[in-house]
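Working notes, beginning with the structure itself.
The values are calculated or read from the model by the stated rules, or taken from the named source; none is laboratory data. Keep in mind it's a predicted model, so treat the numbers as computed, not measured. Here Cβ is always computed from backbone atoms with ideal geometry, including for glycine, and neighbour counts include all displayed protein chains. In case anyone asks, the SASA skips ligands and DNA or RNA and just uses the protein heavy atoms, side chains included. Shrake-Rupley method; radii C 1.70, N 1.55, O 1.52, S 1.80 Å.
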Amino acid sequence: MCGIVGYIGENDATPILLRALKRLEYRGYDSAGLVVIGDGLSYYKDKGMIDSLMQTLPKISGKVGLGHTRWATHGKPSKENAHPFLDCKGKIALIHNGIIENHMELRKQLIEEGHKFTSETDTEAMVHLIEKHYNGDIEKAVRESLKQVHGSYAIAVIHADEKDKIIAARNESPLVIGIGGGENFIASDVAALLDYTNEVAYVMDNEIVKLTKQGFEITTIKGESVSRTTETVNWTVEDAEKGGYEHYMLKEIFEQPNAIHDSLLGRIPDLTLNGFLDGNFNTIKIIACGTSYHAGLIGKYVFESFSKVPVVVEMGSEYRYSEPVYENTLVVLITQSGETADTLAAAKEAKRRGSMTIAITNVVGSSITREVDYTFYTRAGPEIGVAATKTFTTQLVALYILGITLGLIKRTLEYDRIRELTSTLRKLSRYVQSVLDDTEHIENCALTMKNATDVFYIGRNINYPTALEGALKFKEISYIHAEGYPAGELKHGPLALLTPRTPVVAIAPKDHTYEKMLGNISEVSARGSPVIAIGYQEDTELEKVADHVIYVPEVPALFSPIPITVVVQLLAYYVARDRKCSIDKPRHLAKSVTVE
Ligand code: F6R
């Protein structure tokens, strides 16, 4: 996720772009840059946040310009990888938010044709492609180029010799036009515009915008003209940064369909890992902390099912002190921030023990990436809420992709099975969206939990870790004590704590443990505890044993933690909101835990 902004008008573009970028910083903050048309193109970009860009920026001015704040997905945060990107002649400048799926083949072809690349990004291929198609009309060149591009993008492009326009386009990444008097704007979202205008027009997928200082014209990529009405927004800047949501956490929960979709783009299986890793390992160790540890526990079921290699999951804080009894171990470290001290220490220890190491992280260039042999990036975009949400579900996506890849390496997955798994993975973001489309019932169920002092989450098999994650999310933001248990364990002790004031969230998709789960739910009900069950749509049995049922779309059991996690995130969120807790910054907690 990155922030893009463009300005065209009668004023100096530089201070306007900088102010707008500041408003977009929550979308990405590892590097930033801007470009204006003055006497030719003048641009400046660097690693770091907008404040540091402001301090080092030389004087560049012009009345048309583009600005970008980056959250790296391809290539580490660096001056070279920061936007804007310019073509070889230095005439065309482009900024981009999204992921270009076919960038490798475009890059290869363009290099063969003589274009010189200066970065590791997916974006740069687009500016060279536009250069290739340029024949005196930048709009036409962008249109021709986009016909060859696959993936998600919001782009804005300028040409030094066509000072009267900015060309922008969108597919699956947000883009909005801001309408001022004699000046106009284009941006990733309205937060960037509100200091200047609240009249906006939204750009839709596969549309191209020609923005001039007098107005805008929208056409489809095919060239058909589109009419679009403008809207007035009444948000404050803070509302806009949160996309109109009350908290970042809620916004990030709702961003999960996109985050899952982006994390899958172009990599089932992960061909780079397939080429990199030999099959010379007989155990897999997954190491992580907190929510990432729960992802690791789910990963155990996935890896064992797909690759038939035994998996051990350990907490980062424990691994260093364990006996090095396993040989030929592949170590997978999961950390959304890439900076968790316990996980970093574990990565060093794993190397010392001679293991091949893989990291799954959301932050390009973070410390863990320097400790391991191979990094797989989730593409969740920045997560501002301390409680991990979209980074967790995208970690699961990463584990499914790696699991399939390990299955290929170990030759334990048939071609038909891979096709089936791939097809389910591609549908996941739609399933998550359907949970998010109807949250009222989840909100009502949460009401039954808000005055409890203890809550239990139970699940079996792959949803035992989902129960742990539900309980962690619940306790960390609502400050109500919660525990996750394998459902079969309740009768070995915790049942003693159940009373009519102890709600139990029972995760019960129709898998091979379902009948047992029904029995466990009945045991809980018999103690008078209210039961909120989470099950598959069309399951009429659950209503007979539970007080409330929340339905999710039916998915193959191994994938069920994804839609179910969204439900437990929302239960935690609604309870915390009703209790007026500090949701985005829970007490005593930090987003990245850099001490052991
Ligand atoms: C809980 C949460 C934490 C983190 C843990 C590890 O919502 O976010 O439990 O999961 O501190 O952090 P990373 O994944 O950055 O290593």
task = Roll a 1.4 Å probe over the protein heavy atoms and report the accessible area of residue 71 in Å², nearest 10.
result = 20
request  = Just read off the accessible area of residue 80 with the full protein assembly in place, 1.4 Å probe, to the nearest 10 Å².
outcome  = 100
ask   = Taking a 25 Å limit on the Cα-Cα distance, which of the listed pairs 89/165; 91/116; 132/222; 410/510; 544/580; 59/165 fall beyond it?
value = 410/510; 544/580
Per-residue HN-Hα couplings for the stretch 79-87 [Karplus 6.51, -1.76, 1.60; θ = phi - 60°; Hz; x = Gly/Pro] = 4, 5, 8, 6, 8, x, 10, 10, 6
message = Which order do the peptides 52-64, 262-274, 390-402 come out in when sorted by mean C-beta neighbours inside 10 angstrom, highest first?
response = 390-402, 262-274, 52-64
remark   = The summed charge of the residue 517 Cβ neighbourhood (under 9 Å; Lys/Arg +1, Asp/Glu -1) stands at 0
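Tell me, what % of the accessible area of the stretch 302-357 is carbon and sulfur with a 1.4 angstrom probe?
48
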message = Using a probe radius of 1.4 Å on heavy atoms only, what accessible surface per residue do you get for the chain? Whole Å² is fine.
response = 39
task = Taking H placed 1.01 Å from N in the peptide plane, check which residues at least 5 places from residue 506 or on another chain put their amide H under 5 Å from its amide H.
result = 458, 532, 533, 534
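What is the sum of charges around residue 565, taking Lys and Arg as +1, Asp and Glu as -1, for the other residues whose C-beta is under 15 Å from the C-beta of residue 565?
Details: positive: 390, 473; negative: 252, 255, 383, 469, 476.
Net of charged neighbours comes to -3.
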query = Which of the residue pairs 76/163; 108/163; 300/390; 285/591; 242/351 have a Cα-Cα distance greater than 29 Å in the structure shown?
reply = 76/163; 108/163; 242/351
remark   = Karplus ³J(HN,Hα) for the stretch 439-444 (6.51 cos²θ - 1.76 cosθ + 1.60, θ = phi - 60°; Hz, whole; x = Gly/Pro) runs 9, 4, 5, 5, 4, 5
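Could you tally the net charge around residue 410, taking each other residue with its Cβ under 15 Å from the Cβ of residue 410, Lys/Arg +1 and Asp/Glu -1?
Local charge sum for residue 410: -1.
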ask   = Out of residues 5 or more away from residue 151 or on other chains, whose amide H comes under 5 Å of its own, with H placed 1.01 Å from N in the peptide plane?
value = 101
query = Amide H to amide H, which residues 5 or more places from residue 122 or on other chains are under 5 Å from it, using H placed in the peptide plane?
reply = 74
key: Accessible surface of the stretch 401-488, 1.4 Å probe, proportion on carbon and sulfur as whole %   = 44
query = Can you give the helix-only mean residue ellipticity at 222 nm for the chain, where every DSSP H stretch with n ≥ 4 adds -39500 (n - 2.57) and the sum goes over all residues, rounded to the nearest 500 deg cm²/dmol?
reply = -11000 deg cm²/dmol
query = Carbon and sulfur atoms: what percent of the 1.4 Å accessible area of the stretch 9-77 do they account for?
reply = 50
message = Students often check this: by mean Cβ neighbours within 10 Å, which of 517-525, 423-431 ranks highest, and how do the rest follow?
response = 517-525, 423-431
note = For residue 137 the rounded accessible area (nearest 10 Å², probe 1.4 Å, non-protein molecules ignored) is 60
